[in-house]
Amino acid sequence: MNDKVKNLALYNFAALALALFSFFMAALVSDRVFDHLPHLEDEMAYLYQARIFARGDVVIDTPQPQRAFWQPFVVDYGNTGHRFGKYSPGWPLILAGGQLMGQLWVINAFCAALTVALVYRLGREVFNPDVGLIAAALTTFSPMALLLNGTLMGHTSALFTATLFTYAMWRIEQHKKALLWGIIAGIALGLLIINRPLTAVGIALPFVIWSGLRVLLAFFEMPRRKGAKNAKLRNGENEPNFSAPSVSLWFNASFWPTLRPLLALTAIALLISASIPAFNQAAVKDPAFNLYTLVWPYDQVGFGTCCGRSSLPENGGEGHTIVKGVRHSRFDLSLMAADLFGWNIGTVTPEVQNHLQNDSDYWPLRGLSFFILPIGLFFGFRKRWLWAWLAIGLFWLVYPLVTDAPFLKGMIVENIANTPQQLKQAMNYLWAWVIFGAVWLLIPSIGFAIERFGKIKDKRGFTESLWTWLFFVAGSALIFIHLAYWIGSQRYTTRYYFEGLTALALIGALPIAWLARHINRPITYGIFAGILVYSLYTYSTPRIDALYRFNFITPDLAQGVEERRDGDRPVLVIVTGVDNDVRWRSYGSLMALTGPYLNDDIVVAWDYAPGTGVRDQILARFPDRQVIELNAQANTSWFADENPPTSVGQAP
């Protein structure tokens, strides 16, 4: 066995170790931080719908009395009498596999491990084994991944399908088993669409653009060359005849082999995507209905009075604007700068943990993860014109942020009343800034197409430059697209951007891999490993621990029920509110144990209208169960045989 094969085997072993470590950490975080329980409303709805799918149903009939068994983001649609989760069916359908196994956490753990393996393989094939291994390590130790992999959110599975789609697109371009890889890419993209549709648009955008250009190039290039060659042979001319060749020539040249896997990809992705309108049809008898609006009518993507909490009359009625979109992205990116790779200046103190639990503005620490990305782009771009393009983009981004340009806030002078004309002008400046950035992001596609159409002198340099750009656009497009969504995301890290982790890890790995290959591999890897471990203990651990028993979700309630159980009888827990103030967090952990069919060992029901007969309806539904009483006020609960917490005061 030669040294090259031995080294590759060593890289493969290290990548496998990282994948297993990712699986282990997902299991650890799920158990130690989240107690294998949903902590967000989103997770509650995902789990509820997954249990419906696991039984072979799409929706269920609304149980009565319906408010007694209400769960957050689970909808009762009166026109059909159906109950269902408001989200797209993709992630609940996947999570249903974990429900059937009795181990919900396993699904995200498997997806996390498979993602790490794919990142390694993609980096190894596009660049070199060092890039693949370093990118896999960055993905494994990313605080974003460590956190989300341990939850019941759909982002980890979305990252896996996004990475699989990207890898399949790479294999399609290698022209080996392209049709098979087109099918795989279609499955991956389809699963991503029905999981996170808006994310799928961002991830697929650069590949759609480049694939379209590839098809056009194949359409014109091969017939032209074949026509030129035939003309010379036939007429003895030095000047070729560029008249349009027959249709059969296109199919016999490169056009059909280029188009065929992309058609398979598109057809399969659309077929899988059809499950969204099919789910909507089953739920509300309208395939085009936006189920999100059944919970909040303003929960829509877009700008104006249709969208956002500020569209409500009591909040001004303005709706979502580009100013708010940019502000939310600045807040989120300040946290992502630390959460991406765990590199930051500062310590996660209890005050910082409190910020994570309650605030959604600028991250109080200074994240450093983004600083490696421009360096990675410099190493990935092997063409000088791309360096100029990168410099222009950095100036466009950095200068307004460093100077805190007033137009970023939609006003000319902060804290001074502005005329409507000044505000409109500032808004126009902001739109121009965003649009310029979006156009700038896509300009290199033209340069790559021109070079592809001609004769590529440096094939390796072209490939690495092209794919560095594709990775960068895929990661950046998520930021641009989510400007149109009315709310940011920080509680479970900046999860709207999470599916760009693979792309950003590959870019971030490039300069580190260069040091390993050109300076000293053992020293580089030693320092890199030390940084990863250091960030794991000093940043990731306290940062993720801030979500321990977040939203008051704790297994203590279930343990309290078990302590009060008589023998093996199934239990009915009736929740009664103090001052009629009951929030889902006060008994959310018991909600997680109560399935849609109300036949679980523990069922919780809320007596939402004491003295009106609701309690009698609940009891009549479960005549053979042991009844345990639970009192609640706001987010706090206690058993009837206990004294209320001091924060509640006297029991009613």
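Okay, here's what the table says:
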| quantity | calculated |
| --- | --- |
| Complete set of residues in segment 96-115 that are more than 15 Å from residue 148 (Cα to Cα) and either polar (S, T, N, Q) or in contact with a Pro (Cβ under 7 Å, 6 or more places away or on another chain) (or both) | 99, 103 |
| Tally, over segment 557-596, of residues that are touching a helix residue (DSSP H, G or I) at 6+ places or on another chain (Cβ under 8 Å) and either among the hydrophobic types (A, V, I, L, M, F, W, C) or surrounded by fewer than 14 Cβ atoms within 10 Å (Cβ to Cβ) (or both) | 13 |
| Residue 606 being of a type in the set (Phe, Trp, Tyr), outside any loop (DSSP other than H, G, I, E, B) and under 30 Å from residue 96 (Cβ atoms) | yes |
| Hits in segment 366-386 (condition: modelled with pLDDT under 95 and hydroxyl-bearing (Ser, Thr, Tyr)) | none |
| Only one of 29, 5 that is in a helix (DSSP H, G or I), free of Cβ contacts under 8 Å to residues at least 40 places away in the same chain and of a type in the set (A, V, I, L, M, F, W, C) | 5 |
| Qualifying residue in segment 174-193 (condition: more than 30 Å from residue 547 (Cα to Cα), of a type in the set (D, E, K, R) and out of contact with any strand residue (DSSP E or B) (no Cβ under 6 Å at 6 or more places or on another chain)) | yes |
| The lone exception for residue 58 - which of (1) touching a Phe, Trp or Tyr at 6+ places or on another chain (Cβ under 9 Å); (2) surrounded by 22 or more Cβ atoms within 10 Å (Cβ to Cβ) it fails | (2) |
| Hey, residue 140 part of a loop (DSSP other than H, G, I, E, B) and either closer than 19 Å to residue 154 by Cβ or not assigned by TED's automatic domain parsing to the domain that holds residue 193 (or both) or not | no |
| Breaking point among (1) under 17 Å from the mean Cα position of the chain (by Cα); (2) under 24 Å from residue 278 (Cα atoms); (3) among the aliphatic types (A, V, I, L, M), for residue 107 | (2) |
| Enumeration of residues in segment 287-307 that are over 15 Å from residue 87 (Cα atoms) and without any contact (Cβ under 8 Å) to a residue 60 or more places away in the chain | 304, 305, 306 |
| Test: residue 341 is assigned to a helix (DSSP H, G or I), at pLDDT 95 or above and either over 25 Å from the mean Cα position of the chain (by Cα) or surrounded by 15 or more Cβ atoms within 10 Å (Cβ to Cβ) (or both) | no |
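The values are calculated or read from the model by the stated rules, or taken from the named source; none is laboratory data. Here the structure is a predicted model, which means the values were calculated and not measured. When we count neighbours, we look across all protein chains shown, and the Cβ atoms used for this are built from the backbone with ideal geometry, even at glycine.
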